[in-house]
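Taking it in order: structure first as structure tokens, then the write-up.
Please treat every number below as a calculation from the coordinates, not as lab data. As the structure is a prediction and not an experimental result, all values here were calculated from the model. As a convention, Cβ positions derive from the backbone with ideal geometry for all residues, glycine included, and neighbour counts pool all protein chains shown.
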Amino acid sequence: MPKPLPKYLQFVLQTMAYAAFATVLGVFSVWPSYQQRGVNEAILKLSFSHSGQLKFACRQRDAAELAKTAVHMRNKMDCPRERSQVLVELDMDGQALFRISTAPLGLNRDGAATVYRRLAIPAGPHLFSARLADGPDGVIHFSSDHKVDLKPGQVLIIDFLTGSNGFVFTGG
Amino acid sequence: MFSQVADFLDNIFPPHANPWRHLGGLAFLCLLLSCLSGIIAYTMYDTSVQGAYESGLRLQNDPMRLGPLLRGLHRYAADAAVLLVLLHLIRETVQFHFLGARWFSWLTGLGLPGLLLISGLTGLWLLWDERALYSVTATAQWLQALPLGSELLARNFLSTQALNDRFFSLIMFIHIGVPLLLLGGTWVHVQRISMARFYPPRSLIWGSLGMLVALALAFPAESLNPADTSFNAAQLSLDWFFMFIHPLAQALSDQTVWLMVSGVGLALAMLPLLTKFMRTAVSQPAQVHLAHCNGCGRCAADCPFTAVMMTQRSDASPHKFQAWVNPNLCTACGICVGACPSSTPFRRIEDIVSGIDMPDLTVAMLRNQLKHELAALTGLHQIVLFSCRQAANLSCFADHSTAVIPLHCAAMLPPSFIDYALRLGAAGVILAGCKEGACEFRLGDQWVRQRMAGLREPQLRARVPRERLRVLWPGRDHLVIQKAAADLRRSANLTALQTPHD
């Protein structure tokens, strides 16, 4: 059987083992630093939650159709709940950044369409053009241009609020 | 490689307190330390958008240094728990501890790292600094990658105005609730093993506590700049034990990381299915022979996996109980055989049958093998080596004066066999097992030591000359066994020289 180490040496080696473990903990709890963007980059966030227009217009039910439905469900008007897809386009300095078509949420596709995109872009002056189509015809109903001089690390948020009548640029 | 790590640490730590063999207990200790320090920190935490960051700073800037100590202990204990759980998982995987009866502990343990990560991430968010904002947004993005259609989650962190105090109450609720689930999960994790060691030995507890306190004071866990939704820092110092997943998702894509996590999780969960292909003759479960079972319960008391239970007698025997083996839990270690009082080779019947026996290596086979092996030896000072199959490669020891009897576990040997071997003429007996504290079947070394010391039934009789017995825990170290054999022979030779001849 190998001769056991002297007590004092065991103590020293145990201390070194604990110190090694502590070093691993201490180091990897803060290091290495993570580079989440380039030094001369700003961050663009395109995010909104918007309910598109109803996909189908209301229509009058005819008598035969009404007769087929249960008595308590005989609404003269049939208004399908499904909403249209929402199309959003974002250009930066004339170059397309995003072209996203997003479907409404919900089993009946009657909820809001939601978008979240994050992108690192070069800092400096930029012209953003945003367009949104929310009807069944796919025609652009909202568009907005915005000039901004972004500093490194600055976060530009592009939201869409129907109440504010279109795109809202924050942080620029 | 892992056994080399254990062997290396054996030189530094006492074998019973080798941290490599207490990774689960150490992880639980760290979890507990993190919980206790967290309870104290909670009393000083303000769950509001403005107050969250300030709470962290207040602790950080405590002139008495108790705040940094508390924060550091809370943080580093959680980090240590992640590292120890990872090492525990790796060690159990390479030791194939997912096969057979161990499937339950394996499966119930797989979810625990996930709960640990959720606990840690939510804890880091509560500090509401740059790192917290980065992590919470990255987590929201990652969750949005699930095909649920919604991209609303990350919108909550677009601006400070989008947040309200309820967010921190919710996160605090998760940060307290998930560790409670973790503690409950740990309890379930060890349900199918008996005498589970929740805590490591005392020396490791004090050592770990000292290490964490020293680390907390030497390198205080500090907040970064307050979370600012309008500015994105180029570089962030991350707690990689918990936040490794964010850079990974950014490098590979959120969907890829979901696929990786679910793929690895599924693959690990499927590992117990390999049992079907890896079952060998050795792994046949123990069998109870009612006619020889007196219902003493020693087998049930010694079984490390609660596979043996005592039930009401089902035959006409006057004994109240009988042993019953659950084959799904039995790891075929044979420890129950070593505990059974009827497993004695001194019984006079030709084919002895034990109350509980291993079908592939019955007590009768063991006795016959011992007799034949001893009879076949031609050398002087014959030695019988009973050795655990998990330990040394036995074939190298067999020679003209050494009989080698392999066992499933060292604790499978009823102590009376040692007495029997000496009576058959052996000059000495060696009983060898895995390294101390590293028994493949958890409790084998503990039971052997107690049986030999007369602290546990069945005991080694007092009349057995202890100088002719060596109980060793060499693991795969051949040298230890060879030296013990040489030592036994030397003393036998000495005795022979000192004994006057007629």
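Computed quantities for the displayed model
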{"quantity": "Kirkwood hydrodynamic radius over Cα pairs of the stretch B:282-498, then Stokes diffusion coefficient at 20 °C and 1.002 mPa s, in µm²/s", "calculated": "123 µm²/s"}
{"quantity": "Counted charge near B:Lys435, where neighbours are those whose Cβ lies closer than 9 Å (Asp, Glu -1; Lys, Arg +1)", "calculated": "-3"}
{"quantity": "Alpha-carbon centroids, the stretch A:41-102 and the stretch B:156-233: separation in whole Å", "calculated": "44 Å"}
{"quantity": "Cα-Cα P(r), chain B, percent of pairs per 20 Å interval", "calculated": "20, 42, 26, 12, 1, 0"}
{"quantity": "Radius 10 Å from Cβ of A:Phe167, net charge of other residues (Lys, Arg +1; Asp, Glu -1)", "calculated": "-1"}
{"quantity": "Principal-axis tilt of helix B:49-60 within chain B, Cα atoms, nearest 10 degrees", "calculated": "50 degrees"}
{"quantity": "Highest average packing first - B:173-183, A:63-73, Cβ atoms within 10 Å", "calculated": "B:173-183, A:63-73"}
{"quantity": "Inter-chain Cβ neighbour average for residues B:402-411, partner chain, 10 Å", "calculated": "0"}
{"quantity": "Charge sum, other residues only, whose C-beta stays under 12 Å from A:Gln85's C-beta, Lys/Arg counted +1 and Asp/Glu -1", "calculated": "0"}
{"quantity": "Angle between chain B longest axis and helix B:23-42 axis [Cα atoms, degrees, rounded to 10]", "calculated": "30 degrees"}
{"quantity": "Centre separation in Å (Cα based) which lies between the stretch B:282-358 and the stretch A:143-164", "calculated": "77 Å"}
{"quantity": "Average beta carbon contacts from partner chains per residue of B:212-219, 10 Å cutoff", "calculated": "3"}
{"quantity": "Value of relative contact order over chain B, rounded to a whole percent, pairs C-alpha under 8 Å and six or more apart", "calculated": "13 percent"}
{"quantity": "Whole-Å distance, taken between Cα centres, linking the stretch B:35-103 and the stretch A:4-22", "calculated": "25 Å"}
{"quantity": "Debye equation applied to the C-alpha atoms of the protein assembly as shown, log10 I(q)/I(0) at 0.11 Å⁻¹", "calculated": "-1.11"}
{"quantity": "Among beta bridges that DSSP assigns inside the stretch B:375-502, antiparallel share in %, nearest 5", "calculated": "5 percent"}
{"quantity": "Cross-link table B:Lys276/B:Lys435; B:Lys371/B:Lys435; B:Lys435/B:Lys483; A:Lys7/B:Lys435, entries beyond 25 Å C-alpha to C-alpha", "calculated": "B:Lys276/B:Lys435; B:Lys371/B:Lys435"}
{"quantity": "222 nm mean residue ellipticity, helices alone, for chain B (DSSP H n ≥ 4; -39,500 (n - 2.57); rounded to 500)", "calculated": "-15500 deg cm²/dmol"}
{"quantity": "10 Å Cβ neighbours from other chains, averaged over peptide B:246-256", "calculated": "1"}
